[in-house]
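Following: one structure in structure tokens, then a few remarks.
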């Protein structure tokens, strides 16, 4: 589909992909030898406009030069080149030179150099000023714009006519867009469906791009997440998106309003999606083969989607933008035989755990107490509620043999999945995150042999896992694996995961206070590819104290800092583990498996909530942690001063502490963050694998 490997590519889709290049153009390359004087003159005029654009921004934002001073000074030094270009152009026009070809080539090189510097300056102009400057551009196009508050309305008015295409800002966008390859163009157009000022997470984009075939493991050598990183870095470099940073962490991407409407303009022109007069995506897929479920005012695109004469057999992607009731007609739903992407749930990540910066007080309450399962449910109020009246229509999944990405994230009143889910033989990604009413995962889920990502996290009604998940040999990410105290026949265990050679990321939710026991550690040890592990403890343990003592002897320590000998019977965690995230750890003393000698390759350690009073460390400091990123949150009993911690973690580069009152004399800033800038200066972010974590040096 869309020019990428797919099980059901249509000739019409292939034509649409070619049109994306043909309609928007990819004419960035030029031949300096054959370029006309007129084209040189046009380029100089464009440079003049761009310089005026930068000058206007500087006038409005006096401290801009603090961020782009080096580039601006370099550009000033190129002033002599610009003057030289103007003189040479005049000589060519007057016919007073015989070295026409040499001068033309020299001018072209000078213009290219200056244009690159100007573009770099333009990328650094903050978003609020882009709006004002864009308003000035609109006025220059004889469009009455008023103030910046009316800008979007003006853009909407001209979005479909030549005035918008002639706008210098759109011309700049078009040039940058044309420099992308086909895959990146298609990925960028996906941003067109998200509402203005939305923060979109990388995970959702990656899921979508895999579903569409834009990211194909058969073609791309890197992991899907790494491919998505590369694409998004290009978008950042070209100014298409802006990073949303909270406490020096990337939480998503935001698209500037003007760029968003340029993307909508292109997406509509090439038939990627259909939009109404206000720039909202619609349910009309007669020309695009993609549709959206969207609520605008009191109107729902759902009804229009079902009323259309277009055949659901031609639909390849259906995305729920904000429809709170995505119930679909069962008969119509079952006819979507060629669908690749079906995202019915909410895409906004509004769970409390993923919005710590905005919900610190609520998060503190959750971690301060011994949490009951019912208390979890009370605290998980959704900002964007989505529910279905019945799951009967989901039986239509039986016909969707080409479906690659299915999301039911956050949909209420889904108690169980239909048996027909086993028919999704090409499904790669199943997102059931925050389906709070989901009570069981069907055993036939093991039929999904191409599944690479399974997310069942925050499904707190689940008591057990189905048996046989070890047969999903392509599985790379498994989130929300449940380990409870209940003795259920044929329930899955960690031993089932031994047969997953590609599993690199695992999150576990357990109600067992004594987890992990020796047998659990042995099972985890055999997941040899595992790199990231999250364990979350919750609820009350129903296990008798005698059972805990008999099975977990040696797992807890008499004193976190006074024991050096390690019992040989206790297995280590997986050898290649680089990230460990512990949430609501119920004991006060560190377990034997939380020692630097046992976690030599660990780079990131997060401990949030619980009653831990000390971190694991051998006596005398003979073994130091190799951890570079340490996050400590909601740990009221953890007692340690900065000198001791820094000695135990000599390679530490980033420390974040929050609501840890007994951590004393820590040189953190007002947000609780400490950075070793000297180590950062000596190592590249790529080497530290911290590229996304340190996109910004300041907290927001």
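Scanning segment 228-254 for residues that are more than 22 Å from residue 680 (Cα to Cα) and either part of a strand (DSSP E or B) or more than 12 Å from the chain's Cα centre (by Cα) (or both) yields 234, 235, 238, 239, 240, 241, 242, 252, 253, 254. The condition (being in a loop (DSSP other than H, G, I, E, B) and crowded, with 16+ Cβ neighbours inside 10 Å) is satisfied by just one residue among 222, 216: 216. Each residue in segment 197-213 was checked for being touching a helix residue (DSSP H, G or I) at 6+ places or on another chain (Cβ under 7 Å) and surrounded by fewer than 19 Cβ atoms within 10 Å (Cβ to Cβ), and 1 of them qualify. Would you say residue 615 is assigned to a loop (DSSP other than H, G, I, E, B), within 22 Å of residue 537 (Cα to Cα), under 33 Å from the mean Cα position of the chain (by Cα) and touching a residue at least 40 places away in the same chain (Cβ under 8 Å)? Yes, satisfied. Annotation: of all residues in segment 618-631 being in a loop (DSSP other than H, G, I, E, B) and surrounded by fewer than 21 Cβ atoms within 10 Å (Cβ to Cβ), the one that is modelled with the highest pLDDT is 626. Residue pairs whose Cβ atoms lie under 7 Å apart, separated by 6 or more positions or on different chains, with the first residue in segment 224-237 and over 20 Å from residue 260 (Cα atoms) and the second surrounded by 13 or more Cβ atoms within 10 Å (Cβ to Cβ) and modelled with pLDDT of 90 or more, are 224/206; 224/210; 224/215; 225/206; 227/215.
Of everything listed in (1) surrounded by 21 or more Cβ atoms within 10 Å (Cβ to Cβ); (2) assigned to a loop (DSSP other than H, G, I, E, B), the single unmet condition for residue 520 is (2).
The values are calculated or read from the model by the stated rules, or taken from the named source; none is laboratory data. Computed from a predicted structure; not experimentally measured. In this analysis, Cβ positions are derived from the backbone assuming ideal geometry, glycine residues included, and neighbour counts consider all displayed protein chains.
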